[in-house]
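Working notes, structure below.
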Amino acid sequence: MNKVSGMFIFALAVAGGGAAALPVPGVGAQAQAQTQRAAIADTAAQTGPTAAALYEEAAGYARKKYAEFQQNNVPFDEKLADKTVQEERDLALRHAATLAARGPLKGTDVYYLGMLYHLANKSEGALDAMRRFIAESKESAPQLVQNAYRILITQAVRLNLMGEAEKALASYMSIQPQQQSELYRLTNAVAGAYYKKKQFELAAPHALASFNAAKLAFDKSAKPRTRDDAIYNAGLLLADIYLKSKRREEAVATMQQVRDLGLSYPSADLYGNALRILERYGESVDPTKANFKAAASASAPELAVAEWIDQTPTKLSDLRGQVVLLDFWATWCGPCQVTIPKLNSLHKKYKDKGLVILGVTKYEGSAEGRRLTPAEEVAFLRQFKKKNGVSYGYAVADPADKNSENYGVSSIPTAVLIDRQGIVRHIITGVYPGSDEELSGMIKKLLNEQ
């Protein structure tokens, strides 16, 4: 079956608010309201849709088209996606021309003109309109003005007008409330522009602001992949700027923060990526020789389990006082099968000293090229377990597999080590030289902790 949902990706500028009512001198309140309604109706009859309506039609074009594609089961096609985006931009430019032709514009009409130019990817037009709107409406429409500053910053950076971008960013930050996700994006854009110009001292404060905003904007409630990408990219940019500014200690400290956040969420992806960068910096990444701690001592997320195999149903919170190793794996994964004898050995050696190993997998709906019902798949897993001599139990999730999402696991095998207090302390992804000693050493370290 062809699927479209989630595959056609597009960016939409978001705006709000409508045109403000203007008083008519010398007219009573009721008569004034009637006069205003008549004026609006007369204006609409002469000029057509309002500025806001023109923008909303253009901004919703791609969304509407993608909904049609999905309804008609149109397969994803990159050229079709690009064509749809271009059609949206062309429509926005036509609407901008229609609006501009109405004569001198005021108030929110100028704002929506700027939004149309922004949507059409016409930087000069967007900048000019937003400058005018901000100058005229600074006191009367603070939230629209804040969004106008957002557009102005974006377009000024694109045109390399860094002085104007800096000034607009300061003004943007003076208006409350702020969306941390937008602050992350804007400061990241300014930092990135200075980075490309090799003006690292100018880039550093903006990169730091971007990193701090990312940590606030993309917390545990955010989609894990979105959160991890934002924090890692912002942290890596900041660390690289510090390195190029000969501030190595700050670069290392930044990536250590990213590493510790990877434990805190937890996220195998974020943690592993941070360790690779620290190793590139020449820093020790051996958790047995350093006291890696989660940024916040939150308990490891509970497992979502549809079926237990050779394991009494349990919660991680019930295993406090023991060291727990979660092995994320699948029967089709060759490297996962390589780890089984090693995990068996560790289980046999340390199970009486407080180690619990749980193999974490999910219903796949098939095995060895055959479609399987859940009951058939459980039977297959039992046979697989017996055939490979697996001595520890399995936790099987439903196909949605919230466990991988909750632990930031995107590749397997992945081992997650949880200490006696229920805190994630180390994550190992893949089979690579030294992993056996690292895993064994970390298990012994955690077992020795009280």
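For the Cα atoms of the chain, what angle does the longest principal axis make with the long axis of helix 108-119, in degrees from 0 to 90, nearest 10? On a 0 to 90 degree scale, this one is about 50. This model, with +1 at the C-beta of Lys and Arg and -1 at the C-beta of Asp and Glu, gives the chain a dipole about its Cα centre of some 600 debye. For the chain, the longest principal axis of the alpha carbon atoms and the long axis of helix 224-244 meet at an angle near 80°.
Here the dipole of the stretch 217-269 is about 100 debye; that uses its Cα centre as origin and unit charges on the Cβ of Lys and Arg (positive) and Asp and Glu (negative). Consider a paramagnetic label point 7 Å from the Cα of THR373 along Cα→Cβ; state which residues of the stretch 297-329 have an amide N under 20 Å from it. Answer for the stretch 297-329: 306-309.
In the chain, the portion of solvent-accessible area held by carbon and sulfur atoms comes to 52 percent [1.4 Å probe, whole percent, DNA, RNA and ligands not counted].
In a fully extended conformation the segment linking ALA306 and LYS353 would gain 14.1 nm over its present Cα-Cα distance, using 0.36 nm per residue. Amide H contacts under 5 Å for ARG102: none, restricted to partners 5 or more places along the chain or on a different chain, H placed in the peptide plane at 1.01 Å from N. Dipole orientation for the chain: of the candidates ILE428, HIS95, TYR112, ILE428 has the Cα lying most toward the positive pole (charges on Cβ; Lys, Arg +1; Asp, Glu -1). Between the entries [x] 67, 57, 40; [y] 73, 58, 43; [z] 91, 55, 44, the label attached to Cα extents along the principal axes in Å calculated for this structure is [z]. Of all DSSP-defined beta bridges confined to the chain, some 60% are antiparallel rather than parallel. Between the residues ALA204, LEU303, SER404, the greatest Cα displacement towards the positive end of the dipole of the chain, with unit charges on the Cβ of Lys, Arg, Asp and Glu, is found for ALA204.
The overall shape of the stretch 82-190, judged from the alpha-carbon gyration tensor, is oblate: a/c is not under 1.5, and a/b is no greater than b/c.
The values are calculated or read from the model by the stated rules, or taken from the named source; none is laboratory data. These numbers come from a predicted model, not from an experiment. Counting neighbours? That spans all protein chains shown, and the Cβs are built from the backbone with ideal geometry, glycine included. Remember, those area values only see protein heavy atoms, side chains included, never the ligands or the DNA or RNA. Shrake-Rupley method; radii C 1.70, N 1.55, O 1.52, S 1.80 Å.
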